Every structure is written in C-alpha cells, then in structure tokens.
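Report on the structure given below.
What follows is calculated from the coordinates using simple rules that are stated; it is not laboratory data. Just so it is clear, the structure is predicted and the values come from calculations on it, not from any experiment. Quick reminder, even Gly has a Cβ in these numbers, built from the backbone with ideal geometry, and neighbours come from all protein chains shown.
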Amino acid sequence: MGVVYSSARCRFISRSSSINNILQQNDERNQTDKTELDVDLTYLIGKLERLPAYAKKLFELSKLYLTSAAENSNDCKSQSFHMTESAMIGRSEQCQASNELSSLYLFTPLKQKHPLHCGQTFIQWKATFDVQQLAYMCAPSRNTIYLQPLDSFPEVISQFVLPISQLYLSLFQLLQGFCQIFFLGVEVVLLAPVSSTNWTIRSRLSHGRPQLCVNDFFPLLGSRLPNNGMGLVGILWTDLYPEGFNFVLGEASVYHKSAVVSFGVDTSEDMTQVSGVLVWRLFKTLTHEICHLLGLTHCEFFSCAMNESISISQAMSQPLVLCPVCLRKVQHVCGFDVLERYTKLHHFLLNVTKQLDGDLSQFNQTIQWLHNCILYVTH
Ligand SMILES: [Zn+2]
Ligand SMILES: [Zn+2]
C-alpha cells in the first residue's frame with residue numbers, strides 16, 4: 001500500500017439508461033475523436049473480445065475516465081461526467097427516492113493529473129506481468145496466495161468465531177474466505193501461525209506502543225514462500241512502521257513477493273469484540289496489499305480500492321471494490337467470471353455482516369453497490 005492506501009466511497013447514481021445515453025451523447029459529440037477514444041480505451045483495459053457481453057459492458061465503463069478527462073481538458077461545462085460530488089449524491093438520493101435501482105453511475109472517475117501513458121493502464125501492467133510469467137516458464141505454476149498469521153493475538157481475536165452457512169469461522173478463516181472470493185480463481189491458503197520472535201526485526205516505541213519495522217519482514221517472509229506461491233502476506237497484531245514514516249497498516253514488496261498487515265487497533269483501550277469496523281479494515285488492507293503483490297500500483301483512474309491514501313481514515317473511507325481498470329488486471333491473473341465473483345461477494349458480505357456488531361455503514365454501502373452492479377451488468 002505504499003504508506004497506507006486509499007479508495008473511495010461507493011456511489012450509486014443516475015440510471016443505467018442514463019449512463020448509456022451519456023456515453024452515446026459523448027460519442028456523438030466526439031465523432032472525430034472516436035478512433036482515438038477507442039485506441040485509448042484499448043490501452044486502458046486491453047481487448048475484450050473473449051469476454052462475455054456482461055463483462056465487456058462492465059469493463060467498457062472505463063470509458064468514463066477518458067470522456068471525463070476529455071471534457072475537463074476542453075473546459076466543457078455541459079452535462080454529464082464531471083458532476084460534482086454533491087451533485088452525484090443528490091442524484092443518488094433522487095434515484096433511491098424514486099426507487100429506480102436499475103441504474104447507476106457505478107464508478108467515479110478521478111480528475112486526470114497526467115497523460116494516460118503515465119498511469120498504470122491494463123496494457124502497461126500486462127507488459128510487466130507477461131515478462132514475469134516468462135521468467136517462471138520452467139518453474140511450477142504459481143497459483144496460490146498464502147496468508148501467514150505471525151506471533152500471538154489477544155483472546156478476543158484468537159477465540160473469535162463467526163457462524164456462517166453452518167460453518168464456524170475463526171477470524172483468519174474469515175479473512176481467507178473473503179480473499180478467496182475477491183481473488184476467485186486462485187487458491188488462498190491459510191498457514192498455521194508462526195513466531196517471529198527470533199527474526200531480526202527492528203522495533204521501537206511510538207507514543208508508548210511497540211512498533212515493528214515492516215521492511216525487515218519482507219525478505220524473511222519472502223524466503224518462506226512455497227514454489228507455487230504468488231505471494232505471502234504476514235498478519236500480525238503489533239503495529240508497523242515503514243522506514244522513514246510513523247505508521248502503516250500494511251505494505252507490500254513486489255520484489256520479495258511478500259506483504260505484511262497489522263490490525264492497527266488502539267491497544268490503550270480494551271477491545272471487547274471483533275467489530276464490523278475492524279473486519280472492514282482487515283478486508284481492505286489485506287486485499288489492497290495482495291493486489292500490489294499481483295503488480296498493481298496505485299490507481300489514478302477512478303475511486304477504487306487501489307487508490308493511494310495518506311491516513312488511515314482516508315484509506316478506510318475508500319471503496320472495498322476495484323474500478324474497472326484494476327478489476328481487469330486482477331481478472332486477467334485470476335481468470336474469474338466477473339458476474340460470478342460479484343454475486344459471491346454480495347452473498348458473502350450479506351451473510352458476514354448479519355453476524356457483526358458496530359458500524360456497518362461501509363459494508364452496507366458495498367453490499368448495495370454490488371447489488372446495483374449485478375443489476376447493471378445483467379440488464
Ligand atoms: Zn498501496
Ligand atoms: Zn482502480
């Protein structure tokens with residue numbers, strides 16, 4: 001995650017017909033740029049011929065970023081894409097009020113800061129990914145992500161059990177289950193806990209709380225990665241700090257194929273339960289770091305789970321879901337069907353949140369977003 005990470009709020013606005021209308025109107029206005037727009041779209045998300053129609057429909061929403069950027073650069077003040085946040089929320093409320101759920105503005109494009117080639121488009125990401133695959137040609141195929149609990153956890157964590165679909169999941173099994181759906185198509189394996197007590201890890205006290213240097217974990221975890229591993233993520237209770245910074249919830253090293261995430265819980269107060277807020281934090285941090293291990297850099301195209309952030313609160317306010325550009329990269333690695341994945345994510349989160357206490361507003365927004373997204377791609 002670099003320092004922390006970010007993403008954005010899930011917003012549901014406008015109607016699906018509106019999206020299509022807007023895209024169409026925009027296309028008509030830019031007839032002369034149509035070819036250029038198509039070329040840029042292919043550069044952004046690659047070719048989609050082999051994908052089912054609903055997946056194409058979803059990925060093609062990436063066009064929103066290009067058309068929004070074009071409108072900004074033309075200083076065009078007409079309708080559509082660069083709606084302000086408040087306008088978007090207003091339309092969302094209108095939409096909900098009129099019970100028109102068939103529709104949505106699923107993804108919020110970010111303002112373009114750089115030329116398209118400066119961001120990590122699908123084509124750019126794939127070029128690096130393909131080179132790595134060439135290097136592994138003679139090695140066993142890498143198709144597994146490993147989760148590695150480290151050291152001990154307080155009882156409230158180690159004794160936690162969540163009943164779901166006639167199963168009783170520990171907190172780590174819950175994390176594994178979520179990652180298994182988020183990265184549907186690759187194996188996610190939960191390893192038995194190990195102690196890092198004898199590892200050489202720098203430590204310090206910050207405001208009276210112990211912290212461990214995240215950078216020291218990378219080579220040690222990387223050396224434990226099995227031959228079929230795409231990456232290994234250490235999960236620990238103790239706070240982390242990266243070299244030169246105060247605090248980090250998680251960080252990944254693509255070079256070592258390893259990442260570490262911590263709970264980031266304020267230990268000055270007794271934690272009496274595993275709350276929805278804590279589970280949200282773990283789901284977000286873990287999936288963000290694993291995406292880094294798959295070669296994804298921070299997203300500059302849309303509000304997205306892969307946005308960068310500079311604080312925990314910013315990171316936690318960002319979406320749990322990926323934008324179409326980042327989703328295309330993860331889908332290319334994992335090979336999942338986008339509709340199957342969204343449906344499973346919706347079902348899983350619905351069941352999990354029934355059993356959790358505390359503030360579930362972000363989970364509920366995500367569940368609603370998934371519902372709207374499934375409606376959009378299937379109609
Ligand atoms: Zn990051
Ligand atoms: Zn993204």
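Okay, residues lined up against (1) out of contact with any Gly (no Cβ under 8 Å at 6 or more places or on another chain); (2) within 16 Å of ligand 2 (Cβ to nearest atom):
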position: ILE290; (1), (2): no, yes
position: GLY295; (1), (2): yes, yes
position: ASP337; (1), (2): yes, no
position: LYS354; (1), (2): yes, no
position: GLY358; (1), (2): no, no
position: ILE374; (1), (2): yes, no
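Hey, any hits in the range 169-190 for a residue that's among the hydroxyl-bearing types (Ser, Thr, Tyr) and exposed (fewer than 15 other Cβ atoms within 10 Å of the Cβ)?
Residues of the range 169-190 among the hydroxyl-bearing types (Ser, Thr, Tyr): 170.
Imposing the further condition that a residue be exposed (fewer than 15 other Cβ atoms within 10 Å of the Cβ) reduces the set to none.
Within the range 169-190, not a single residue is among the hydroxyl-bearing types (Ser, Thr, Tyr) and exposed (fewer than 15 other Cβ atoms within 10 Å of the Cβ).
Tally the residues that are within 18 Å of LEU349 (Cα to Cα), touching a Lys or Arg at 6+ places or on another chain (Cβ under 8 Å) and within 11 Å of ligand 1 (Cβ to nearest atom), restricting the search to the range 281-337.
The number of residues fulfilling the criteria is 2.
Anything in the range 115-161 that is more than 26 Å from the chain's Cα centre (by Cα) and hydrophobic (A, V, I, L, M, F, W, C)? List them, or say none.
Once the filter is applied, which keeps residues that are more than 26 Å from the chain's Cα centre (by Cα) and hydrophobic (A, V, I, L, M, F, W, C), the range 115-161 yields LEU134, ALA135, MET137, CYS138, ALA139, VAL156.
Among the residues of the range 123-144, is there at least one that is crowded, with 16+ Cβ neighbours inside 10 Å, farther than 27 Å from PHE59 by Cα and hydrophobic (A, V, I, L, M, F, W, C)?
No; the residues of the range 123-144 include none that is crowded, with 16+ Cβ neighbours inside 10 Å, farther than 27 Å from PHE59 by Cα and hydrophobic (A, V, I, L, M, F, W, C).
Please determine whether any residue of the range 261-284 is in contact with a Leu (Cβ under 9 Å, 6 or more places away or on another chain) and within 16 Å of ligand 2 (Cβ to nearest atom).
Checked against the condition, which is being in contact with a Leu (Cβ under 9 Å, 6 or more places away or on another chain) and within 16 Å of ligand 2 (Cβ to nearest atom), the range 261-284 yields at least one hit.
Which pairs turn up if I take residues in the range 308-332 that are under 25 Å from GLY276 (Cβ atoms) and look for partners that are within 13 Å of ligand 2 (Cβ to nearest atom) and not in a loop (DSSP other than H, G, I, E, B) with beta carbon separation below 6 Å, at least 6 apart in sequence or on another chain?
Correct list of pairs: GLU308/SER6; SER309/SER6; GLN314/SER6; ALA315/SER6; GLN318/SER6; GLN318/ASN307; CYS323/PHE302.
Hey, among the residues in the range 297-310 that are assigned to a loop (DSSP other than H, G, I, E, B) and either crowded, with 24+ Cβ neighbours inside 10 Å or under 9 Å from the mean Cα position of the chain (by Cα) (or both), which one's farthest from ligand 2 (Cβ to nearest atom)?
That would be ALA305.
Before we move on, is GLN273 outside any loop (DSSP other than H, G, I, E, B), surrounded by fewer than 20 Cβ atoms within 10 Å (Cβ to Cβ) and either touching an Asp or Glu at 6+ places or on another chain (Cβ under 8 Å) or not aromatic (Phe, Trp, Tyr) (or both)?
On the way: outside any loop (DSSP other than H, G, I, E, B): no; surrounded by fewer than 20 Cβ atoms within 10 Å (Cβ to Cβ): yes; either touching an Asp or Glu at 6+ places or on another chain (Cβ under 8 Å) or not aromatic (Phe, Trp, Tyr) (or both): yes.
No: the conditions fail for GLN273.
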